[in-house]
Amino acid sequence: MATPNTPARVLAAALAADPATPFLTFYDDATGERVELSLATLDNWVAKTANLLQDGLGTDPGERVAIMLPPHWQGAVWMLAAWSAGLTVTLDDGAGGDPDILVTGPDRLAEVTAGPGAGARDTVALALRPLGGPFTEPLPAGVLDYGAEVPGYADQFTAYVPVDPHAPALVTPGATLTGEELLAAATRRAEEIGLEPSGRLLTDANPADPYGCLEALLAPLAQQGSVILVRNPDLGQVDRRCEVEKVTVTRLRAAGTPGA
């Protein structure tokens, strides 16, 4: 089997190996929320979101999507969905040019809908509620409520145009990486932090961040391991959580993990 050379293909490889294995366990210690996604469940969310992008919003490969989300499991979904649809993720409104689509959470919704060029692009808002629920209040005109829209899309996805592993996949303030380069960087990151195949990583890195996407998403996928993602970490729970979740590598910036 050829080595996967795009994020979508590395997800497919992990899924083929063991679809039922837990891949992403999300904790928000400020709210008590816990969500566990198997690879099959993650793939289901990714497929629905990629279908929303491709069919609902009519995106074409190479278009830019700015993902402006805090550390959250839905950030991981959006990253993989955007790459599955052949889009270029900018992670910052304006990085690499004005985005064609902007994805935001409730904390930045007012900011992005009032900013310059707001009406010239598609804006998708995530409530970030448990189980991916929709907003409970009306959204500004023209803003798509992700939680209300995405359930209606198919849970299998096929890109109309095959994703080019050499096309830009991620634009950061300092570099542009292709899908193939992203996976190479993820493999190096796994080696740097000591994440072995099938390892379990505890981290508070943001999967929707230029650097966190390597550590909190692509490195665990490339190693066919798993990630425990913690938002607002309660450091008093770290030892017990490591034991319960069978963590093999801990990377908590809030705790001053060496090298984090």
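The values are calculated or read from the model by the stated rules, or taken from the named source; none is laboratory data. All values derive from a computational prediction rather than experimental measurement. Ideal geometry is used to build each Cβ from the backbone, glycine not excepted, and the neighbour counts take in all protein chains shown. Just so you know, the surface numbers come from the protein's heavy atoms only, side chains and all, with ligands and any DNA or RNA stripped out. Shrake-Rupley method; radii C 1.70, N 1.55, O 1.52, S 1.80 Å.
Give the accessible surface of the stretch 147-242 per residue, rounded to a whole number of Å², with probe radius 1.4 Å and ligands, DNA and RNA excluded.
On the way: 4490 Å² over 96 residues.
Accessible area per residue, the stretch 147-242: 47 Å².
Near LEU91, the amide H atoms lying under 5 Å from its own belong to ILE67; only residues 5 or more places off or on other chains count, and H is placed 1.01 Å from N. Legend: P(r) of the stretch 107-260 from all alpha carbon pair distances, 10 Å bins from 0, whole percents, reading 9, 27, 33, 26, 5.
R0 = 25 Å: FRET efficiency of ALA154 with ASP60, Cβ-based, nearest 0.05?
Details: r = 19 Å, r/R0 = 0.77.
The calculated FRET efficiency here is 0.85.
In the chain, the portion of solvent-accessible area held by carbon and sulfur atoms comes to 51 percent [1.4 Å probe, whole percent, DNA, RNA and ligands not counted]. Size of the stretch 49-168 from its Cα atoms: along the principal axes, largest to smallest, the extents are 39, 31, 25 Å.
Normalised by the number of residues in the chain, the average gap of Cα pairs under 8 Å and 6 or more apart makes the relative contact order 22 percent. Considering the chain as a Gaussian network with a 10 Å cut-off on Cα pairs, which listed residue, ALA219, ALA12, ALA82, attains the greatest mean-square fluctuation? It is ALA12.
Label-to-label distance, THR248 versus LEU235, with points set 7 angstrom from Cα along the beta-carbon direction: 2.7 nm.
Taken along the Cα-to-beta-carbon direction at a fixed 7 Å, the label points for ALA12 and ALA114 span 4.5 nm.
Taking every DSSP helix (H) stretch of at least 4 residues in the chain, weighting each as -39,500 (n - 2.57) and dividing the sum by the residue count yields a mean residue ellipticity at 222 nm of -8000 deg cm²/dmol.
Just to be sure I follow the definition: excluding the sites themselves, where is the longest run in the chain that has none of the chymotrypsin sites (Phe, Trp or Tyr not before Pro) in a DSSP loop with at most 15 other Cβ atoms within 10 Å? All intermediate terms of the calculation are to be shown ahead of the outcome.
Working: sites that count: TYR160, TYR211.
After excluding every exposed loop site, the longest remaining stretch is 1-159.
Roughly what % antiparallel, to the nearest 5, for the DSSP beta bridges in the stretch 92-219? Given both bridge residues lie in the stretch 92-219, the antiparallel proportion sits at roughly 35 percent.
Here the chain carries DSSP beta bridges of which approximately 30% are antiparallel, counting only pairs with both residues inside.
The string of couplings for the stretch 214-225 from the Karplus curve (6.51, -1.76, 1.60, θ = phi - 60°) is 6, 6, 8, 9, 6, 5, x, 5, 4, 8, 6, x Hz, one whole number per residue in order, with x for Gly and Pro.
Based on Cα contacts under 8 Å between residues 6+ apart, the stretch 111-260 shows a relative contact order of 16 percent. I'm spelling it out carefully: the read-out is Cα extents along the principal axes in Å, the candidates are (i) 47, 43, 35; (ii) 56, 55, 32; (iii) 55, 38, 37, and one was derived from this structure. Which label? Read-out taken from this structure: (i).
Once the convex hull of the C-alpha atoms of the stretch 176-260 is built, how many Å³ does it hold per residue, rounded to a whole number? All intermediate terms of the calculation are to be shown ahead of the outcome.
Numbers: hull volume 7.0 nm³, N = 85.
With only Cα atoms used, the stretch 176-260 gives 83 Å³ per residue.
For ASP122, nonlocal amide neighbours, meaning residues 5 or more places apart or on other chains whose placed amide H falls under 5 Å from its own, are LEU102.
Less than 5 angstrom separates the built amide H of ALA167 from those of GLY179, all sequence-distant by 5 or more or on a different chain.
Over the stretch 1-88, average the accessible area per residue using a 1.4 Å probe and give it in Å², no decimals.
Details: 2860 Å² over 88 residues.
Counting only protein heavy atoms, the per-residue value for the stretch 1-88 is 33 Å².
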